[in-house]
Structure formats: C-alpha cells, structure tokens
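Student: This is the structure, below, for whatever I ask next.
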Amino acid sequence: MPLLKLSSPHPGKHPSLVSALCLALALAAPLQAETLKLTHFQLVDVEQGRLLQDRQMLIEDGRIVRIAPATEVLVADSSRDLGGRYLMPSLWDMHVHFEGRELVEDNALLLPLYLAYGITAVREAASDLAPEVMVWRKQIANGERVGPRIFSAGQKFEGIDSLWNGDLEVGDEAAMARGMDKLTAMGVDFIKITENTLQPELYLKTVAEARRRGYRVSSHIPYGVSVAEAANAGLSSIEHLSYVLRLGHQDEPEIAASVRSGTLEVKEAAARYGLGFDQTLADKGYRMLAAQGVAVTPTLIGGYQLANLDATDHSADGFLRYLTSAFTDKYSWRIERMGEQTPAQWQARKQKYQDEAAQLSRLDAAGVMLLAGSDSAALNTYVYPAEGLHSELQLWQQAGLSPARILRAATLDGARFMGLEKDYGSIAEGKRADLLLLRANPLADISATMQIEALIQGGEFHERAQLDTWLGNAAAAVQILNTGRRGI
C-alpha cells in the first residue's frame with residue numbers, strides 16, 4: 001500500500017520530517033485468513049455485565065459468525081489460543097477534538113494511538129481542523145490510514161465573535177441555514193452547538209433545524225435556555241455534566257428567561273446557580289432527560305485535572321512522549337485563564353469537581369444514557385488523547401459506578417447513540433469483530449482496560465507488539481517534528 005502524502009505547515013522545508021511521519025502513520029495491510037478461530041477466552045458480556053467462561057469464536061470477513069463453548073468443534077483456517085484472557089468489545093471515546101491549524105501533523109500522528117489504547121471509534125465534537133478530519137475519516141474507512149473510526153461534527157455552531165477558532169458563527173436564521181447546508185455538504189455525522197456568543201432563540205432554532213434535517217444534536221446549553229427547553233427542542237446529548245446541575249435549582253427556568261430577555265447578565269446567572277442545589281429537584285430533572293432520550297457525556301477528567309493542578313506534577317507523565325511541544329504549549333491557555341488562586345479557591349474548585357462527580361450515579365439511577373468521552377484536545381490541559389478515556393472511566397468508578405455499568409457506557413451505549421448497535425458495541429454473532437483482549441478482568445476493576453494484550457479491528461488481529469510499534473512510531477515522529485521546528 002502506498003504511503004500517505006501529508007501536507008507540511010512549511011511547504012518545501014523538512015522533507016525528511018514529513019517522510020518519517022508518513023512512515024509512522026502508514027498502514028501495512030496484514031494478510032487476513034478467510035476464517036479465524038479464537039479459543040480459550042473469557043467473554044465480557046457488556047449487555048448483561050457478566051463473564052462467560054472458556055468460550056471460542058469464529059471470525060469471517062470481519063464479523064463474528066459463531067460464539068460457542070470450548071467443547072464445541074469449530075473448524076477454521078487459522079486459530080489463536082487466547083490463554084484464558086478477557087475478551088471485550090473495543091472502546092468508543094464519545095467526545096474528542098483534533099484542533100489547531102498549526103497542529104495538523106501533531107494530531108494526525110495520534111490517530112494510531114487510539115487503537116493502541118483499545119479505542120476503535122471516536123466522536124469528534126468539531127474543531128478548526130474539520131477539512132483534515134474529514135480526509136482522515138475517509139482514509140481510515142478505506143484502509144489507507146491507521147486509526148479509529150471517526151464520527152465528526154465538522155464545525156460547531158456559535159454566535160458572532162465567539163471565543164473559538166474555526167466555528168460556524170451565525171447571527172440569524174439565514175446564516176444558520178447556510179451553515180447547516182455547508183455541514184450537510186461536508187457529510188458530518190452529527191451537529192455540535194456551543195454557547196459562547198450564540199443567542200438563546202437562535203440556539204433553540206438551530207437545535208430544531210438540525211433535528212428536522214435528521215441529525216443528532218450535541219450541545220452545551222446557554223444560560224438563556226433552560227435544560228428542559230433544550231431537551232424539548234430536540235437535543236440528543238448534553239456535553240459536560242456541569243450543565244445538568246442547573247436542574248437542581250428551583251428558579252432555573254426563571255434564570256434562563258431573565259438572561260434571554262436581557263434583564264440578567266450571564267455572570268449574575270452563574271452566581272445564582274452557585275447559591276443552592278436541591279437533589280430531589282435535580283433527580284426529577286434527570287428523569288425528564290431520560291424520558292426525552294437526552295444523553296449526557298460527563299467528561300469528568302477535564303475538571304479533575306484542573307482542580308488538582310496544585311498537587312500534581314505532570315512533567316513525568318509517560319504520555320508526553322507522544323505529544324509535540326507545540327501541542328503541549330496549548331495547555332497553558334487554561335492554566336492562564338485560571339490565574340493565581342488562593343488555597344481557598346483551590347479547595348472550592350476541588351469541591352466543585354466532587355459535587356459534579358456525585359451526580360453521575362444519580363443520572364444513572366434516573367435512567368439517563370451516559371456516554372464515555374474524554375474531551376481530549378490540545379486546549380484541554382493534561383487530558384491526553386486515547387489515554388484520557390481510560391482516566392475518565394477510572395473517575396467514574398471512583399464516583400460510584402460499577403465496572404459493568406462503565407463498560408456498557410464505553411462500548412454499547414456509544415454504538416447505540418450513533419444508531420450502530422446492530423453492528424458494534426458488544427460481542428454477539430453477526431456483529432463486527434472490533435474486540436479488545438485484556439490481561440485482567442474489567443468487571444472487577446475498570447483499570448483493567450489499560451492492560452491490553454491485543455486488539456482486533458474489523459477481524460484483523462493486532463498483537464501487543466504491533467500496538468507497541470504504533471506507540472514507538474508516534475514517539476519517533478514527535479522527536480522529528482520537535483527537532484524540525486527548532487531548526488536543528
């Protein structure tokens with residue numbers, strides 16, 4: 001298979017840099033036997049939250065065609081003994097970003113790392129790299145590039161003069177309709193909306209128009225819109241758990257109405273939400289979300305990392321070897337926004353994180369679909385791509401959710417949200433063979449998802465050595481990029 005040709009941010013310079021990066025990202029298609037038999041494994045049933053002991057499986061043309069006890073005779077072209085290890089569906093990260101116009105290559109080299117960390121699907125929640133992401137999505141689907149399946153929102157909707165780069169800034173319905181046409185032409189998989197400057201009325205119309213056109217809609221919620229109004233307009237998922245805490249305030253609808261009418265400033269609204277919280281009222285609101293079919297992507301890891309910056313030294317983090325210095329330079333943005341904080345302010349930030357995490361089990365009890373997403377991005381400080389999802393899952397366990405519940409969110413519920421549960425998300429006959437082989441039982445401790453022995457993607461078996469090769473290639477590419485940019 002030919003190597004990929006990647007664009008350089010400095011055309012004509014550092015040709016060896018680009019060539020080496022291409023080598024790091026190129027896919028050597030393995031020869032796949034017509035039928036592969038996997039034997040002697042423990043099947044992690046994420047639908048029922050149980051282990052099925054000593055199973056065997058036949059995979060043909062990328063699909064699971066038979067699952068059986070070890071005693072049944074199955075005939076295949078080749079066979080692999082999995083040594084009693086744990087076989088589960090591969091992971092889905094339902095909130096990531098590839099961002100930074102100057103970081104195209106930096107983001108591209110990360111794509112194989114998702115596979116090395118057991119993640120075969122990501123939901124890319126819009127960025128300024130939308131054109132590149134759409135190309136990567138196609139290349140991965142065609143087998144021309146190593147990486148996870150990408151579901152992308154392309155560019156997100158925002159108001160005029162918003163904080164974000166590369167968004168679709170709209171100030172009226174006509175501009176919003178043109179933006180929707182543009183995204184449709186791009187072939188996006190869902191619509192993403194944020195609330196920095198987007199006006200509340202136009203926000204609600206954007207949600208409704210996206211649903212009218214058949215899109216799922218994922219969103220932040222403006223202060224001038226109540227959570228119930230957003231749900232009634234057709235919202236599919238709320239991105240970040242902090243927004244749903246507004247449901248615990250008796251005057252939430254009045255606050256939203258006052259902001260929308262211009263009689264209450266956003267800063268004042270935020271202060272009012274900090275004055276009290278009624279758990280009974282919140283639980284009622286959570287049941288409303290469940291009834292409306294609105295999912296929540298908590299993304300706890302971002303708040304956790306920021307709340308603990310005063311007590312955590314990240315300089316020795318192993319994942320840093322896969323990130324360029326230009327990428328990690330972006331981490332300072334949020335740190336600078338936090339400014340100098342007193343001990344009391346650090347404690348308040350930690351308490352805010354705990355208050356949010358405590359709602360996870362309440363959302364689950366109310367029947368809300370929870371989507372596991374890291375929100376990894378160059379602008380999200382120390383929320384590492386690929387590894388960040390595993391950290392997120394461990395925070396869910398610390399917050400009181402069972403490993404079985406967490407596994408379902410990180411596999412089957414992601415596929416269900418995208419309408420693909422017929423083919424993905426659990427281990428069953430007829431489904432695509434996207435599987436993860438672990439050395440430890442993830443139903444006992446969710447941190448076992450980090451003990452990866454092998455990955456099966458579309459029926460292709462990748463040994464631990466292959467995963468390590470992808471990791472090593474990424475680390476080498478980082479060194480090349482860093483050296484080239486320093487002009488050495």
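The values are calculated or read from the model by the stated rules, or taken from the named source; none is laboratory data. Just so we're clear, the structure is a prediction, and the values are computed from it rather than from any experiment. Quick reminder, even Gly has a Cβ in these numbers, built from the backbone with ideal geometry, and neighbours come from all protein chains shown. Just the protein is used for accessible areas: all its heavy atoms, side chains included, with ligands, DNA and RNA removed. Shrake-Rupley method; radii C 1.70, N 1.55, O 1.52, S 1.80 Å.
Student: Taking K and R as +1 and D and E as -1, what net charge do the other residues with C-beta under 13 Å from the C-beta of I119 add up to?
Tutor: Overall, the nearby charge balance is -3.
Student: Where does the chain land at 222 nm, in deg cm²/dmol rounded to the nearest 500, when only DSSP H runs of n ≥ 4 count, each adding -39500 (n - 2.57), divided by all residues?
Tutor: That calculation yields -11500 deg cm²/dmol at 222 nm.
Student: Next question. Could you name the lysines in cross-link range of K267, using Cα to Cα under 30 Å and dropping any fewer than eight places away on the same chain?
Tutor: Cross-link targets: K156, K192, K205, K284, K330, K350, K352.
Student: In debye to the nearest 20, how big a dipole does the chain give about its Cα centre with +1 on each Lys and Arg Cβ and -1 on each Asp and Glu Cβ?
Tutor: Details: 48 positive and 60 negative charges, 101 e Å.
It works out to roughly 480 debye.
Student: Treating cross-link reach as a plain straight distance, find the lysines whose alpha-carbon is under 16 Å from the alpha-carbon of K431, omitting any fewer than eight places away in the same chain.
Tutor: Reachable lysines: K37, K422.
Student: Name the helices (complete DSSP H segments) of the chain with a Cα length along the long axis of 24 Å or more and a Kyte-Doolittle mean of at least -0.5, or state none.
Tutor: Once both thresholds are applied, what remains is 464-486.
Student: Quick one: order E169, E340 from most to least accessible surface, probe 1.4 Å.
Tutor: In descending accessible area the options line up as E340, E169.
Student: Could you report the chain's accessible area per residue, 1.4 Å probe, as an integer in Å²? Walk me through the intermediate numbers first.
Tutor: Details: 19970 Å² over 488 residues.
Spelled out: the 1.4 Å probe surface of the chain, per residue, equals 41 Å².
Student: Express the carbon and sulfur contribution to the solvent-accessible surface of the chain as a percent, rounded to the nearest whole number, probe 1.4 angstrom.
Tutor: Numbers: 9740 of 19970 Å².
Looking at the chain in its full context, I get 49 percent from C and S.
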